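Here's the structure we're looking at; comments come further down.
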Amino acid sequence: MTDKIPSFLIGALVGAAAVSLLRKPLVRNGVVRLIGAGLQLKEEASAFMETVKEEAEDMVAEAEHRKTQNATE
């Protein structure tokens, strides 16, 4: 149990330092911009994946259509 106390104290100090840093306007603005960029990246990745999914569905539908055509010939 006593071997965990130093780790806890270090964690508490790091947490307090992080809170202190986030209260500074320059750091806060930087973090807000970073989060905004991450959200934008997420939206763009989602849109790209939706396009890929639609293309794959179109190819599957075309393949099924060709298979049906070849079976009737």
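Structural remarks
- Angle of helix 5-22 to the longest C-alpha principal axis of the chain, folded into 0 to 90 degrees and rounded to 10: 80°.
- Neighbour net charge for residue 18 - beta-carbon separation under 13 angstrom, K R +1, D E -1: +3
- Full-stretch length increase - residue 24, residue 56 - with 0.36 nm per residue and alpha-carbon distance subtracted: 6.7 nm
- Angle between the chain longest axis and helix 25-72 axis [Cα atoms, degrees, rounded to 10]: 20
- Given [x] 2.36; [y] 1.14; [z] 1.80, the label whose value is Cα Rg over 2.2 N^0.38 Å derived from this model: [x]
- A dipole drawn for the chain from +1 and -1 charges on Cβ atoms has a positive end, and of 56, 30, 6 the residue lying farthest that way is 6.
Read-outs throughout are calculated quantities, based only on the coordinates presented, and are distinct from any laboratory measurement. The model shown is predicted, which means the values in this text are computed figures rather than measured ones. Because the Cβ atoms are built from the backbone with ideal geometry, glycine has one as well, and the counts that use them run over all protein chains shown.
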